[in-house]
Structures are given as structure tokens and as C-alpha cells.
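Only the coordinates and a few stated rules stand behind these numbers; no lab work does. Computed from a predicted structure; not experimentally measured. Positions of Cβ are generated from backbone atoms using ideal geometry, with glycine treated the same way; all protein chains shown enter the neighbour counts.
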Amino acid sequence: MWRRVLREATVRQPWSMISSKRCLSSSPTSKPAAVDNLLLRYLKEHYVEVSKMNPPPKVNPPSEFSIVKSALDGNGPVLTRTYGNEEIKLSVMRMVYAVPGGVEDDENDEDMNQLFLHVDVSKPGQDKSLHFLCGLYPDALGVHSVSLRPKLDSAEFLEVTATYSGPHFAELDERMRDAFHGFIEERGVDEKLFNFLQAWLYVKEHRSLMRWFKTAGAYINENKPAKSS
């Protein structure tokens, strides 16, 4: 899987060699520049390796949704659509990152098929929006909570509100839970979104990793100790 290749690029031998070469920094005769050069070399090697990876096949979202411009560079909504006079915005992250204490299992990609979906339904003239937190899987979508929140801009989309967010969804009457499921499914929020959002997250993670190698290398290189005269 493309995601597994991306993950393994950060745990291959060069990284483990750093701990075995600590003598460079601990030896009284070692020079700081040697440590910096070693780290820069590894950063460059990984940057080049990751840059050669082929992305997953392109997947388009369902036709009623539009991709938010510059979504790959931010943490706001990914998809948007209108439904009558409503505006629907969707934001996504991996469940393993959304659940406190979640740890990704390198031997099992099952966790990577669990997405955490934020669904925001707003109406003109209203100062609040209906906000759903959902678990999205290849073959299902489950609602975790429903709340009324103040309307948020894109930068604040994932911000947690301190106000009362409503009852625990599991404690609601079964008929009401089913009705809420029907409410968002009627607006196109269902498992058909999974393939696009999964592929979109792969691309975003790849881009973020590339940027990290590049910026970390630039920082180390800019702050290398001056050569002794």
C-alpha cells in the first residue's frame, strides 16, 4: 500500500544509524559540523526517496461536492457543497490521530481505513451550525456526536467549543439516531466519500512529509556552526 511505503521511508536504516553514531557528538574531538552534515545527508536522502514515490490513483469526490481551494495546505474543510439553502463543509483526519492515545500499528493497516469526519451544516442568517462528528469506513459511516456550535471560519473549523454540545449520541432514542443518520446521508455524507478522502489524506501526508524534510534541512543548514578560522 502507498501509505505503508510512505511510512517505511521514515524508519529505514539511515535513521537508526543516528543513534549508533552518537560518538560524533559525545567525543571531545568531534566537531559539531560533522554531526550537522550527517543529519543533512540523511534528510536529503529521505527527501529524495519520498519524492520518487508514486501517488495513489487519482480519485474524484462525488459530483455534488467541490474540493476546497488550498485544502492540502491547511487544516480546514476539504469538501463543500450546497443543499437547498444549506452549506455543507467536510473536514477529515485519521482516527488514529483523532483519538487520544491512539497509536498507529506498523504491522496492520486496518487503522488507516478509519477516518474521523467533521460535518458542518450551516444556514444563512443563523449564528450556529449543526456539527456532526463521524467515523467513516470503506463500507459504513457512523455518527459519534451531534452538536450546535457557533459558526466557525475555515481556520477554526476543528476548534473544540467549550459550550454545551448536546447529549451523548449513544444515549439518544434509536429512532432519533436513525433520523440523524438519514439527515446527513440525504446530504450526500456517506461511505461513498471514503475513497476520495483516503486518497486525499495520502497526498496531504506525502506533501507534509516532503515539506518537513525540506524545512528541517534548511534550518539545520542555516544554523550550522561557523567554521573555525
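Applying the Karplus parametrisation 6.51 cos²θ - 1.76 cosθ + 1.60 with θ = phi - 60° to the phi angles of segment 126-143, what ³J(HN,Hα) value in whole Hz is obtained for each residue in order, glycine and proline being reported as x?
3J(HN,Hα) across segment 126-143, in whole Hz: 9, 8, 10, 10, 8, 10, 10, 10, 10, x, 10, 10, x, 10, 6, 9, x, 8.
Quick one: which residues, 5 or more positions from Ser145 or on another chain, have an amide H under 5 Å from its amide H? H modelled 1.01 Å from N in the peptide plane, none for Pro or chain starts.
Leu133
Determine ³J(HN,Hα), in whole Hz, for all residues of segment 56-62 in sequence, where each value follows from phi through the Karplus function 6.51 cos²θ - 1.76 cosθ + 1.60 and θ = phi - 60°; x replaces Gly and Pro.
x, x, 5, 10, 8, x, x
At what distance in nm do the modelled label points of Glu185 and Glu222 sit from each other, each positioned 7 Å from its Cα along Cα→Cβ?
Those two pseudo-labels are separated by 5.2 nm.
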